[in-house]
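The values are calculated or read from the model by the stated rules, or taken from the named source; none is laboratory data. From a predicted model like this one, the values you see are computed outputs, not experimental measurements. Cβ placement follows ideal geometry from the backbone for every residue including glycine, while neighbour counts extend to all protein chains displayed. Accessible surface areas use protein heavy atoms only, side chains included; no ligands, DNA or RNA. Shrake-Rupley method; radii C 1.70, N 1.55, O 1.52, S 1.80 Å.
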Amino acid sequence: MFQKYKKCKSREGNLSLNAEINCSVYLNYLDITSFLVKILRLNVKYFLHCKEFLLHLNQLYNQLTMETKFLLPHSCKKIGWTLLAISVVIWIYAVIVLQDDIPFLEMNVFTLVGSAFLKGETSYFGFIETNITSTLMGSLFLIGGLLVAFSREKIEDEFISKLRLQSFQWSFLINYVLLLLLFLFVYGMEFYYVMVYNMFTMLILFILRFHFLLRQNKE
């Protein structure tokens, strides 16, 4: 009888020991599982943050690429300033000094449609004799102005692109306000002359405004 009781006690002890072992194993399993879940969550958060960061970089790169893909190399700006200076010298010599066209620039030129100023018959796809002072002066100014306006800065970033946009909006608005005033208050041949100069006004305003903002922000 005593031996049976002893066997039962030993069995109960073994069962309780097995239960404790199983319980500890289960708890350890839960701890490991929760630990792995935490690691997984951290990895997911890290992945999401990395994904957002990469998307932001890609968006910024695309924005800068779109804003600068039409810009010329920075070295073109020096050529542009040189052409602008030459055109201004020609303008001063012809308009202020001579007060007329430069005589040695009288020549035959090919024209799609044109005639001598205020005289002669209109020619189509042919040659006419005319003075090219205005042509030379205007062409040099336009080419030089475009080179200056559309050349990259040494450091071309998002801030510079923002200044370009602001300068363009400002020059566009001011140019057409001036044009409206000219339509309202200038008449006769004087209106023709100011319309000729108005062709260059927006480019001049953009260059002045953009470089003024650059200098202002550098200071």
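Listing for the model above:
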| read-out | value |
| --- | --- |
| Which numbered condition Phe125 fails, given (1) modelled with pLDDT under 90; (2) in contact with a Gly (Cβ under 7 Å, 6 or more places away or on another chain) | (2) |
| Filter result (over 30 Å from His211 (Cα atoms) and in contact with a strand residue (DSSP E or B) (Cβ under 7 Å, 6 or more places away or on another chain)) within the stretch 77-106 | Asp101, Leu105, Glu106 |
| Close pairs (9 angstrom Cβ cut-off, 6 or more residues apart or separate chains): in contact (Cβ under 8 Å) with a residue 12 or more places away in the chain and of a type in the set (Ser, Thr, Tyr) in the stretch 163-192, open to solvent by 50 Å² or more (accessible area, probe 1.4 Å) and not in a helix (DSSP H, G or I) anywhere | none |
| Sole exception among (1) open to solvent by 70 Å² or more (accessible area, probe 1.4 Å); (2) closer than 28 Å to Lys77 by Cα for Leu136, by number | (1) |
| Looking only at the stretch 74-131, and only at residues there that are among the charged types (D, E, K, R) and within 30 Å of Ile155 (Cβ to Cβ), the one that is surrounded by the fewest Cβ atoms within 10 Å (Cβ to Cβ) | Lys78 |
| Count of residues meeting criterion [in contact with a strand residue (DSSP E or B) (Cβ under 8 Å, 6 or more places away or on another chain) and open to solvent by 70 Å² or more (accessible area, probe 1.4 Å)] in the stretch 139-155 | 2 |
| The stretch 135-155, subset part of a helix (DSSP H, G or I) and farther than 30 Å from Glu106 by Cβ, residue nearest to the chain's Cα centre (by Cα) | Ala149 |
| Meets criteria (under 18 Å from the mean Cα position of the chain (by Cα), in contact (Cβ under 8 Å) with a residue 24 or more places away in the chain and open to solvent by 80 Å² or more (accessible area, probe 1.4 Å)) for Glu158 | yes |
| The stretch 191-210: number of residues that are open to solvent by less than 50 Å² (accessible area, probe 1.4 Å) and under 30 Å from Asp157 (Cα atoms) | 8 |
| Residue that is most open to solvent (accessible area, probe 1.4 Å) [pool: residues in the stretch 173-190 that are assigned to a helix (DSSP H, G or I) and over 23 Å from Phe206 (Cα atoms)] | Phe185 |
